[in-house]
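Notes for the one structure printed next.
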Amino acid sequence: MSILCRGTKLIITPRMVPNARLRYEELKHLPLVHPIRPLDELFQSQLPSGYSHPLGPSMDLPFTIERTKSGNLPVYRRLVLRSQIRTRVQRIQGDLECFAEQFELVTGKQAKTHLSAVEAPGDHRDRVLIWLWALGF
């Protein structure tokens, strides 16, 4: 497993996601509006340390995702009422409704939109990370 630490923060890379290839294959068969990049292209863009720079969207997308200060994508697992896990993507700029529709296809769950975030029930963090990397974020 390749790990890169910037200060005390851990940067998550595509190689760190368990079953990344399997999760990518699941995404390929979804009727997504915006095409995703080949998975090999994601792994080739990594530096020897394991960090991968954002590839940049392959097309003009109606939304963008701003990375955190440590270089990670803002995709989080959130525990609600001590028993329910929710997946949340923050720092979304642009057409939030378009992102929410695609997010629902990826997670298979009804998404709720907030000011600049989208949230769905269940633990879909790995799948959403692969999707966002494949979009170029």
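None of the figures in this text is laboratory data; all of them are computed from the coordinates on show. Note that this is a predicted model, so its numbers are computed, not measured. Here the Cβ positions follow ideal geometry from the backbone for every residue, glycine too, while neighbour counts run over all protein chains shown.
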Handout entry: the stretch 84-128, Cα convex hull volume normalised per residue, Å³
Key = 64
Exercise for the section: Go through 63-69, 126-132 and give me the packing order, highest mean Cβ count within 10 Å leading. Expected result: 126-132, 63-69
Problem - Around residue 63: net Lys/Arg minus Asp/Glu count, Cβ-Cβ under 10 Å - result: -2
